[in-house]
Amino acid sequence: MNELLLKGASVHTAEGCVEGEILISGGRIAAVGKDIAAPEDVRTINLQGKHIVSGLVDVHVHLREPGFEYKETIATGTAAAAHGGYTTVCAMPNLNPVPDTPEHLGVQLAAISASAAVEVMPYASITLGQRGCGELVDFEALKPYVAGFSDDGRGVQEEELMAEAMRRAAACGARIVAHCEVNDLLHGGYIHDGEYCRTHGHRGICSQSEWQQIERDLRLAEETGCQYHVCHISTRESVELIRRAKARGVNVSCETAPHYLLLCDSDLREEGRFKMNPPLRSAEDRKALIGGILDGTIDVIATDHAPHSAEEKSRGLEKSAFGIVGLETAFALMYTHFVATGRMTFGRLMELMSYAPRRIFGFGGGVAAGERADLAVFDLDAEYEIDPARFLSKGHSTPFEGWRVKGRCLMTIAGGKVAYADNELEGYNF
């Protein structure tokens, strides 16, 4: 499909919302406006009453390929992304082989080229083998091919090693994307060290294990000038530390996820679908995170989409694998509970889920002539129940199963190609 005209929709741009049309040609947005002069044979789709937005961007996903294809593949993970309205995702390096050398990264890049439905920007690891210790990767050799460097799943434990990583990243203009966790403070925990944990006889993960390493890294980022992004913050102390660092001018950005904004440890059940890392924290932490997304301290909503097999998530809180899926639920959850309730503007939601991650990570894009045609179409009035059986991801584990939400993705266009279309709705058959 070389040319496509989207008509009759509400078009959301960085400047606001207008009723209009978008012409796509050669993979890019050729025009945005009213009464666009389009070729007579252009494929036209009438989207009356629907909403066209800049394609969503998730800077934190696990696609599992290469090495763990039984959990997810590039094909299934990016199909899930498109189903949720995402046109760009950043893939974490928890893989086999770990993308810690150009040769190892090449295995992942080949899989992306062969089967990705949307744009995938991989991360390289910070340390060889993604061990969080030992030897650093060659930042300069890997930088041209990656969104940044992360040892997601573990924190870099040694201060001098992280300082050197930041110095090397700063020297080549790369970004450190940090999972912050002090191993010595974990003590075998697997849920938040709060009231539910103590009442039900579980082992807890204390908040300090997160914020203490963030505190260290913010100091190092300030000293080195490194571009520093904090993954999936979950505690009120983390929010305040980052707020203060931004006020000092530290080059820091951060993300949280819908589950930390909508759930807390009092919502836990004895099921693996409530187990993730970081864990669901207290109601006070949740309140602080909501304050952070509303006042701009938190820059990005990411999902930490982490699919596992059904068996791996069937072992209860203690023994199930860490991680839930999120690509196919994030927009609807955020729209339903923040925009539709009047707590947040639609523009702020798009900033958190599209414009800010594009700007911070240098991806470009947006709803404007000349930009790559990365767009999503939503029916904001469509109400439905979250049903994992409808997911395109291999992973079905979500604490939001059965929740009623509004905001259904009808179509996702990535690079001018239809990556997803809702075939159950008349007029959207491809």
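The values are calculated or read from the model by the stated rules, or taken from the named source; none is laboratory data. As the structure is a computational prediction, the values presented were derived from the model and not from experiment. Cβ: placed from backbone, ideal geometry, glycine included. Neighbour counts: every protein chain shown. Note: accessible area is taken over every heavy atom of the protein model, side chains too, but ligands, DNA and RNA are not part of it. Shrake-Rupley method; radii C 1.70, N 1.55, O 1.52, S 1.80 Å.
Let's see if you can work this out: charge +1 on each Lys and Arg Cβ, -1 on each Asp and Glu Cβ, no other charges. What is the dipole magnitude of the chain about its Cα centre, in debye to the nearest 20?
Values: 42 positive and 60 negative charges, 82 e Å.
Computed about the Cα centre, the dipole is about 400 debye.
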(request) Please report how far the C-alpha centroid of the stretch 350-425 lies from that of the stretch 20-78, rounded to the nearest whole angstrom. (result) 9 Å
(request) Using Cα pairs closer than 8 Å and at least 6 residues apart in sequence, work out the relative contact order for the chain, in percent. (result) 19 percent
(request) Tally up the carbon and sulfur contribution to the accessible surface of the chain as a whole percent, 1.4 Å probe, everything protein left in place. (result) 46 percent
(request) Using only Cα atoms, figure out Rg for the stretch 87-155 and give it as a multiple of 2.2 N^0.38 Å. (result) 1.03
(message) If you take every DSSP beta bridge fully contained in the chain, what fraction is antiparallel? Give it as a percent rounded to 5.
(response) 50 percent
(message) Can you return the lysines within cross-link range of K406? Criterion is Cα-Cα under 23 Å, with same-chain partners fewer than 8 residues away left out.
(response) K7, K50, K287
(request) Find, among the GluC sites (Glu not before Pro) in the stretch 25-88, those assigned to loop by DSSP (not H, G, I, E, B) with at most 15 other beta-carbon atoms within 10 angstrom. (result) E40, E69
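Based on the inverse mean of 1/r over its pairs of different Cα atoms, what is the Kirkwood hydrodynamic radius of the stretch 306-375, in Å?
Details: mean 1/r = 0.0671 Å⁻¹.
With all distinct Cα pairs of the stretch 306-375 included, I get 14.9 Å.
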(message) Taking a virtual spin label 7 Å from the Cα of E311 along the C-beta vector, which residues in the stretch 67-101 bring their backbone nitrogen under 18 Å of it?
(response) 67-73
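Using 0.36 nm times the number of residues separating N423 and V107, minus their current alpha carbon distance, what extension gain do you get? Before the final figure, lay out each step's value.
On the way: separation 316, 0.36 × 316 = 113.76 nm, distance 3.34 nm.
Using 0.36 nm per residue and subtracting the Cα-Cα distance, I get 110.4 nm.
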(request) Grab the eigenvalues of the alpha-carbon gyration tensor for the stretch 222-369, scale each by 5, take roots, and send me the semi-axes largest first in whole angstrom. (result) 26, 18, 16
(message) Given bins 10 angstrom wide, list per bin the percent of all Cα-Cα distances in the stretch 46-200, short to long.
(response) 11, 34, 29, 19, 6, 1
(message) Quick query: amide H of D151 versus all other amide H atoms, modeled in the peptide plane; which residues come in under 5 Å with a sequence gap of 5 or more or a different chain?
(response) I126, H179
(request) Principal axes first, then extents: for the Cα atoms of the stretch 289-417, list largest minus smallest coordinate on each axis, whole Å, largest first. (result) 49, 37, 31
(message) Kirkwood Rh and Cα-based Rg: tell me the resulting Rg over Rh for the chain, rounded to two decimals.
(response) 0.96
(request) Just grab the label-to-label distance for R404 and L186, each label 7 Å out from Cα along the Cβ direction, in nm (one decimal). (result) 4.1 nm
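If the only charges are +1 at each Lys and Arg Cβ and -1 at each Asp and Glu Cβ, what is the size of the charge dipole of the stretch 1-121 around the Cα centre, to the nearest 20 debye? Display every interim value, and only then the final one.
Working: 7 positive and 14 negative charges, 44 e Å.
In debye, rounded to 20, the stretch 1-121 gives about 200.
For the stretch 5-109, which trypsin sites (Lys or Arg not before Pro) are in a loop by DSSP, counting at most 14 other Cβ atoms within 10 Å?
Details: sites: K7, R28, K34, R43, K50, R64, K71; in loops: K34, K50, R64, K71.
For trypsin sites (Lys or Arg not before Pro) across the stretch 5-109 that sit outside H, G, I, E and B with at most 14 neighbouring Cβ atoms in 10 Å, the list reads K34.
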(request) Would you mind checking the stretch 121-145 for residues with the amide N under 20 Å from a putative spin-label position 7 Å along Cα→C-beta of N96? (result) 123-133
(message) Within the stretch 308-335, list the residues whose amide N lies under 11 Å from a label point set 7 Å along Cα→Cβ of E270.
(response) 316-318
(request) Counting helices only, and only those DSSP H runs with n ≥ 4, report the 222 nm mean residue ellipticity of the chain as the sum of -39,500 (n - 2.57) divided by its residues, in deg cm²/dmol to the nearest 500. (result) -7500 deg cm²/dmol
